[in-house]
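The values are calculated or read from the model by the stated rules, or taken from the named source; none is laboratory data. Note that this is a predicted model, so its numbers are computed, not measured. Please note: Cβ atoms are built from the backbone with ideal geometry, for glycine as well, and neighbour counts cover all protein chains shown.
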Amino acid sequence: MQDTTEQQHAEQQDSGQQDDGAPRPGAPAGAERHPDAARHSAAARLIAYGGPDAVRIEALPVPAPAAGQVLVHVRAAGLNGMDWKIREGYLRDAVPLVLPATLGLELAGEVVGVGEGVTRFAAGDRVMGLAGGLGAYADYVAVDAALLVRTPGALTDVEAAALPVVALTAAQALDAGGLRAGQTVLVHGAAGGVGGFAVQLAKARGATVAATASASSRAHVLALGADTVIDYHAETFEERVRDADLVLDLVGGGVPGRSWAVLAPGGALISTVVPDVAAQAPEGLRGAFLMMRPDAGALAELAGAVARGELRSTIAETVAPADLSAAIERTRTGHAPGKLVADLGAGFAAIANAADATDSPGSADDAAPVYPPIPADDPRRTLAIARPETDDTLPHVGIGTGTYTILLTGRDTAGRYTLIDMLVPPGGGPPPHRHDFEEMFTVLEGEVAFTFRGETMVVRRGETINVPANAPHTFRNASDAPARLLCMCTPAGQEEMFLEIGVPVATRTAAPPPPDPAARAAGMARALALAPKYRSEFLLP
């Protein structure tokens, strides 16, 4: 995937256009211009890898469509979980970018110019589709015409922008799994955009559909056609599903590893999250990693089905351009069932122009800084209470010889931190390691010997230490009594690694089963393989 928009923005300066938007003498034939294309443009740009503050709205020149491209005035753009992963740098190897870069994968809007050789579209056509890489979060985008389809008249631009990524991904995942009538499929993450389409398309193929979702999303997923909905907070899907022909993993973490057990012989697990899932497949089962590919023909059929009411597209929230960065963060931390879509009718340019005016020398704001308002209360977020001594539904995970109870996950804290209760037996503790995130430890019971950058110190009950990101460290319980630590990792994410590499245990104080040498070696190999995914490194001799 490449960010072609950046090059197009730069090339606009040599596009053969006059300042009024009309072609200069000698400009390439076919570069049709529309009056809207003479307007100013701006975009949501990733300035540096990081959190929400790393995305800023900046003014940009209007790009010129190259041969085979159309210039689209973007009216709406769909948000995706991939946005925050790109923003944080987790996909920097798979999606290399030259920063700053414009984010956004899919869009809907109006054609305002066409490049040489384009005959399928003309100025004024409403279109929808993939951006062909990144770049959809902009007022104007030059897109390969082959990626776009006409927007059905029954759909608004916001409705159209919600479809390309989720609908194509769901359809291609079912195709990759070879789902047929009479078979059974388990869809993990059924309340999300992709999951919602997967449920509907699987039912349309005549399959029996089991789905995992939260209790609050149960009614929604049942309405989409699921035969069984499993509350992943309160139930274990392995106890509810047997002999499935296909599992769709849309969530990752420890879920795919647990899902092999529910497949029938010859069954398949298709993951959109775990790249090496094929290598993890037990004998007699098949795993495959899916990356959605552009398919304009299939997109046109799916959009038509939504327009006719044959498929249901659920929009969880429509956001304004100024709220885009915060909305990208909500794709990380969780939101209502369905898809987030940015309504870009008001455009980014006005925001960029206002920022420029604020930053200009001599403005009145130089003496009185203007700070953004505190966001409004989000009623969808509720009070989270963890009771590790009495709540057996909390995840209790055996890591080595210790037991970690996950008190608060990123879903509880809007991705800001994870809180873990660690019970470390005498002699227990992890190997030397480091993480690309901050960790804070408070000793609740006993004492542990902390080794930080090669120096060891004893940390006792009531004391707290903070481990800087990327610093080598480890700890060991050198006493004769169990130690108990409260660990906060920020931002959230570490809990997913523990769930994926650990083994479930019954309670906070239950010790994991002692592994034999082969199991211990296999567990360490799994941890080493997963460490890069979770921005971690084990410092083994």
* Asked: Which residue, of ALA492, ALA481, is exposed (fewer than 15 other Cβ atoms within 10 Å of the Cβ) and not in a strand (DSSP E or B)?
  -> ALA481
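What number of residues in segment 444-477 are over 23 Å from ALA510 (Cβ atoms) and free of Cβ contacts under 8 Å to residues at least 40 places away in the same chain?
Looking only at segment 444-477, we keep the residues that are over 23 Å from ALA510 (Cβ atoms), and these are 449-460, 462-474.
Next, only the ones that are free of Cβ contacts under 8 Å to residues at least 40 places away in the same chain stay: 449-460, 462-471.
Counting residues in segment 444-477 that are over 23 Å from ALA510 (Cβ atoms) and free of Cβ contacts under 8 Å to residues at least 40 places away in the same chain gives 22.
THR156 - would you say it is surrounded by fewer than 23 Cβ atoms within 10 Å (Cβ to Cβ), in the same structural domain as ALA43 (by TED's automatic domain parsing), among the hydroxyl-bearing types (Ser, Thr, Tyr) and under 26 Å from VAL62 (Cα atoms)?
Numbers: surrounded by fewer than 23 Cβ atoms within 10 Å (Cβ to Cβ): yes; in the same structural domain as ALA43 (by TED's automatic domain parsing): yes; among the hydroxyl-bearing types (Ser, Thr, Tyr): yes; under 26 Å from VAL62 (Cα atoms): yes.
Yes, satisfied.
Looking at ALA298, ALA316, ALA342, which one is under 21 Å from ALA154 (Cα atoms), of a type in the set (A, V, I, L, M, F, W, C), part of a strand (DSSP E or B) and at pLDDT 90 or above?
Values: ALA298 fails: part of a strand (DSSP E or B); ALA316 fails: at pLDDT 90 or above.
Exactly one residue qualifies, and that residue is ALA342.
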* When you go through ARG381, ARG416, ARG387 one by one, which is the residue that is touching a residue at least 12 places away in the same chain (Cβ under 8 Å), closer than 19 Å to HIS233 by Cα and basic (Lys, Arg)? -> ARG381
* Please find, among ALA268, ALA303, ALA226, the residue that is outside any helix (DSSP H, G or I), touching a residue at least 40 places away in the same chain (Cβ under 8 Å) and either of a type outside the set (Asp, Glu) or more than 30 Å from THR156 (Cβ to Cβ) (or both). => ALA268
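Considering only residues of segment 229-240 that are under 16 Å from VAL185 (Cβ atoms) and without any contact (Cβ under 8 Å) to a residue 40 or more places away in the chain, which is surrounded by the most Cβ atoms within 10 Å (Cβ to Cβ)? Can you show your working first?
From segment 229-240, those under 16 Å from VAL185 (Cβ atoms) are 229-230, 237-238, 240; that's our starting set.
Subsequent filtering for residues that are without any contact (Cβ under 8 Å) to a residue 40 or more places away in the chain retains 229-230, 238, 240.
On the way: VAL229: 26, ILE230: 23, GLU238: 13, ARG240: 15.
For segment 229-240, the residue satisfying everything is VAL229.
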* Asked: Out of curiosity, is ARG411 modelled with pLDDT of 75 or more, in contact with a Ser or Thr (Cβ under 7 Å, 6 or more places away or on another chain), among the charged types (D, E, K, R) and not in a strand (DSSP E or B)?
  -> yes
* Of the residues that make up segment 113-120, is at least one among the acidic types (Asp, Glu), more than 30 Å from ARG416 (Cβ to Cβ) and touching a Lys or Arg at 6+ places or on another chain (Cβ under 7 Å)? -> no
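Taking GLY304, is it outside the structural domain of GLY196 (by TED's automatic domain parsing) and either surrounded by fewer than 19 Cβ atoms within 10 Å (Cβ to Cβ) or not aromatic (Phe, Trp, Tyr) (or both)?
Details: outside the structural domain of GLY196 (by TED's automatic domain parsing): yes; either surrounded by fewer than 19 Cβ atoms within 10 Å (Cβ to Cβ) or not aromatic (Phe, Trp, Tyr) (or both): yes.
The answer is yes for GLY304.
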* Structure fact -> Of THR474, THR456, the only residue that is part of a strand (DSSP E or B), crowded, with 16+ Cβ neighbours inside 10 Å and hydroxyl-bearing (Ser, Thr, Tyr) is THR474
* Asked: How about segment 86-109: which of its residues are in contact with a strand residue (DSSP E or B) (Cβ under 8 Å, 6 or more places away or on another chain), surrounded by fewer than 23 Cβ atoms within 10 Å (Cβ to Cβ) and among the aliphatic types (A, V, I, L, M)?
  -> LEU97, LEU99, ALA101
* Asked: Is it the case that segment 82-104 has a residue that's of a type in the set (Gly, Ala, Ser) and within 20 Å of ALA322 (Cα to Cα)?
  -> yes
* **Residue list for segment 500-529, filter: touching a helix residue (DSSP H, G or I) at 6+ places or on another chain (Cβ under 6 Å) and without any contact (Cβ under 8 Å) to a residue 60 or more places away in the chain** => ARG526, ALA527
* To do: Name every residue in segment 181-195 that is modelled with pLDDT of 95 or more and either surrounded by fewer than 22 Cβ atoms within 10 Å (Cβ to Cβ) or more than 19 Å from ALA288 (Cβ to Cβ) (or both), in order of residue number.
  => ALA181, GLY182, GLN183
* Structure fact -> Within segment 474-496, residues closer than 18 Å to THR409 by Cβ, among the hydrophobic types (A, V, I, L, M, F, W, C) and in contact with a Gly (Cβ under 6 Å, 6 or more places away or on another chain) come out as ALA492
* Asked: Any idea which of (1) at pLDDT below 90; (2) within 19 Å of LEU419 (Cα to Cα) is the one PRO468 doesn't satisfy?
  -> (1)
* So PRO282 clears everything in (1) touching a residue at least 40 places away in the same chain (Cβ under 8 Å); (2) surrounded by fewer than 16 Cβ atoms within 10 Å (Cβ to Cβ) except one condition, right? Which one? -> (1)
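Go through segment 119-133 residue by residue and tally those that are assigned to a loop (DSSP other than H, G, I, E, B), at negative phi, in contact (Cβ under 8 Å) with a residue 12 or more places away in the chain and surrounded by fewer than 24 Cβ atoms within 10 Å (Cβ to Cβ). Break it down into steps so the answer makes sense when it comes.
Going residue by residue through segment 119-133, those that are assigned to a loop (DSSP other than H, G, I, E, B) are 119-125, 131-133.
Then keep just the ones that are at negative phi; that gives 119-123, 125, 131.
After this cut, where a residue has to be in contact (Cβ under 8 Å) with a residue 12 or more places away in the chain as well, the list is 120-123, 125, 131.
Then drop every residue that is not surrounded by fewer than 24 Cβ atoms within 10 Å (Cβ to Cβ), which leaves 120-123, 125.
Adding up the residues that qualify gives 5.
Mind checking which residues of segment 307-324 are out of contact with any Gly (no Cβ under 7 Å at 6 or more places or on another chain) and surrounded by fewer than 22 Cβ atoms within 10 Å (Cβ to Cβ)? Show your work before the answer.
Step one: of segment 307-324, the residues out of contact with any Gly (no Cβ under 7 Å at 6 or more places or on another chain) are 307-313, 317-320, 322-324.
If the condition is that a residue be out of contact with any Gly (no Cβ under 7 Å at 6 or more places or on another chain) and surrounded by fewer than 22 Cβ atoms within 10 Å (Cβ to Cβ), then ALA307, ARG308, GLY309, GLU310, LEU311, ARG312, GLU317, THR318, VAL319, ALA320, ALA322, ASP323 are the ones that fit.
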* Whichever residue in segment 381-403 is surrounded by 12 or more Cβ atoms within 10 Å (Cβ to Cβ) and over 18 Å from LEU423 (Cβ atoms) and, among such residues, is modelled with the highest pLDDT -> ALA384
* Number of the condition not met by ASP36 [criteria: (1) under 21 Å from ASP144 (Cα atoms); (2) at pLDDT 50 or above] -> (2)
* Structure fact -> Flagged in segment 157-212 as under 19 Å from the mean Cα position of the chain (by Cα) and part of a loop (DSSP other than H, G, I, E, B), in numbering order, are ALA162, LEU163, GLY189, ALA190, ALA191
* Asked: Out of all the residues in segment 74-83, is one or more touching a Phe, Trp or Tyr at 6+ places or on another chain (Cβ under 9 Å) and charged (D, E, K, R)?
  -> yes
* To do: Might you let me know whether segment 266-277 holds any residue that is surrounded by fewer than 18 Cβ atoms within 10 Å (Cβ to Cβ) and at pLDDT 90 or above?
  => yes
